[in-house]
Amino acid sequence: MKNAVILHGTGTHNNMFWFPYVKKALEAKGYNPWLPQMPNVDHPNLEEWLPFVLNGMKFSTETILIGHSAGAQLILSILEKIDVQVRQSILVSGYARPLRPTAQSEEEGHCDWDAIKSHCKQFVFINSDNDPWGCDDSQGKILLENLGGILVIPKGEGHMGSTTYDQPYIEFPLLVKLLDVEIS
């Protein structure tokens, strides 16, 4: 069964920004998308978010994972834990290393790149060149270097959805175009 999950980030909700737009596009492509409201959005905790998604979603070779900011980071944790290779993972404003090292231990910032890579057929990273939160193209390049795939760097697009920086980002045609894209 073709399914997908769209994961929002810190301080946001599932009905904000481009999330409903992408959900509609996935439905038009024959996917059954899940757009959950993550718990405790102002203080996300991996110990809470990870089981929430793992217990709420059935992963298969036809699954697409889409995450924004902290939702993209959650995708990396999901891919470390599942035992199937999903079809595609799209990380928007994702990051590979803790952005505030003083706020997280060194252990929390470590990724098992081999496990993550083995559980996804195709990676797409979308990181702008001017993300105000630091989830910029330098983070995308680290993800690309460790996981392969493609990196798209939109110019001047900020965080691609932020209330703090007044970026409503209601539509996201670039992301829709990259759904199920074939990498040669």
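Tabulated data for the structure shown
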quantity: Selection from region 32-71 of residues that are buried (at least 23 other Cβ atoms within 10 Å of the Cβ), among the hydrophobic types (A, V, I, L, M, F, W, C) and in a loop (DSSP other than H, G, I, E, B); calculated: none
quantity: Members of region 7-30 found to be assigned to a loop (DSSP other than H, G, I, E, B) and surrounded by fewer than 20 Cβ atoms within 10 Å (Cβ to Cβ), listed by number; calculated: Thr10, Gly11, His13, Asn14, Asn15, Met16, Lys29, Gly30
quantity: Among residues of region 132-162, those that are in contact (Cβ under 8 Å) with a residue 24 or more places away in the chain and either out of contact with any Gly (no Cβ under 9 Å at 6 or more places or on another chain) or not aliphatic (A, V, I, L, M) (or both), counted; calculated: 21
quantity: Lone qualifier among Glu47, Glu62 - being over 15 Å from the mean Cα position of the chain (by Cα) and at pLDDT 95 or above; calculated: Glu62
quantity: Tabulated pairs, region 46-60, first under 14 Å from Asp83 (Cα atoms), second among the acidic types (Asp, Glu) and modelled with pLDDT of 95 or more, C-beta under 9 angstrom, 6+ apart or interchain; calculated: Phe59/Asp83
quantity: Boolean, Leu74 is touching a residue at least 60 places away in the same chain (Cβ under 8 Å) and assigned to a strand (DSSP E or B); calculated: no
quantity: All positions within region 163-180 that are touching a strand residue (DSSP E or B) at 6+ places or on another chain (Cβ under 9 Å) and without any contact (Cβ under 8 Å) to a residue 60 or more places away in the chain; calculated: Leu174
quantity: Residue within region 98-113 that is surrounded by 21 or more Cβ atoms within 10 Å (Cβ to Cβ) and at pLDDT 95 or above present; calculated: no
quantity: Residues within region 122-152 that are assigned to a loop (DSSP other than H, G, I, E, B) and surrounded by 15 or more Cβ atoms within 10 Å (Cβ to Cβ), tallied; calculated: 8
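The values are calculated or read from the model by the stated rules, or taken from the named source; none is laboratory data. Note that the structure is a prediction, hence the values are computed from the model and not measured. FYI the Cβ positions are ideal-geometry reconstructions off the backbone, even for glycines, and counts take in every protein chain you see.
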